[in-house]
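Report on the structure given below.
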Amino acid sequence: EESNNLVTEMRESLEKGCKTGNCGQSIIQDMFRGVHTLKANSTMMLFEGMASLSRTLEQLLNCLRNNFKEVTDIDRFSKIIREYLDYVKNELDAIYQGKCHDAPCDDIKSEVKSYLTDLTGTLKKNGTQIKKNDEKKPSKNKIQRYYIPSAGSVPARSDDKNEKSKDGINDESEKP
């Protein structure tokens with residue numbers, strides 16, 4: 001449901017930008033946030049086709065948001081975004097109906113990669129230094145923690161055996 005709502009919001013934002021002929025940073029940011037969330041949702045649910053396409057489109061949007069004030073080729077941009085949104089919508093519909101999903105999306109990915117290549121080529125031609133992702137990458141030594149609802153909760157332990165918990169109960173008394 002969240003993904004369907006995102007697709008609708010992204011489509012409305014894109015249409016607004018196309019109508020006014022101005023796909024500036026606010027539209028680019030809307031698209032980036034939506035694609036980023038769809039990527040996370042599809043990755044979490046193991047929908048690899050949707051996740052892969054979202055990662056590719058996220059690279060394009062990241063290039064636009066970091067290096068351009070607005071989209072200059074609105075027709076090409078809107079065509080790619082519409083194809084992406086149509087693909088995601090079709091995948092979501094298939095999932096809801098219990099049908100097979102992960103339809104091929106290589107043609108859309110090729111279009112996105114071609115557009116990204118053209119944009120980076122334009123930046124290089126103009127002598128502009130290409131700004132990469134402005135988000136911090138996680139460190140390789142970072143511990144990942146997963147929430148598993150069925151595992152129950154584990155009470156926090158303290159090194160001080162006499163320290164009382166928030167309830168006023170000694171940690172020692174909580175041991176099985």
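Would you please list the contacts, defined by Cβ atoms under 8 Å and residues six or more apart or on different chains, that run from a residue in region 30-48 that is in contact (Cβ under 8 Å) with a residue 12 or more places away in the chain to a residue that is among the β-branched types (Val, Ile, Thr) and open to solvent by less than 40 Å² (accessible area, probe 1.4 Å)? That search, which allows pairs on different chains as well, returns Met31/Ile81; Gly34/Val7; Leu38/Val7; Leu38/Val88.
What pairs can you find where one residue is in region 66-79 and in contact (Cβ under 8 Å) with a residue 60 or more places away in the chain, the other is surrounded by fewer than 17 Cβ atoms within 10 Å (Cβ to Cβ) and part of a helix (DSSP H, G or I), and their Cβ atoms are less than 8 Å apart, with a gap of 6+ or different chains? Once the first residue is in contact (Cβ under 8 Å) with a residue 60 or more places away in the chain and sits in region 66-79, its partners that are surrounded by fewer than 17 Cβ atoms within 10 Å (Cβ to Cβ) and part of a helix (DSSP H, G or I) give Asn67/Leu123. For the condition closer than 27 Å to Leu60 by Cα and modelled with pLDDT under 90, Gln144 does not qualify.
The values are calculated or read from the model by the stated rules, or taken from the named source; none is laboratory data. Because the structure is predicted, anything quoted here is derived from the model rather than measured. When we count neighbours, we look across all protein chains shown, and the Cβ atoms used for this are built from the backbone with ideal geometry, even at glycine. We work out accessible area using only protein heavy atoms, side chains counted, and drop any ligands, DNA or RNA first. Shrake-Rupley method; radii C 1.70, N 1.55, O 1.52, S 1.80 Å.
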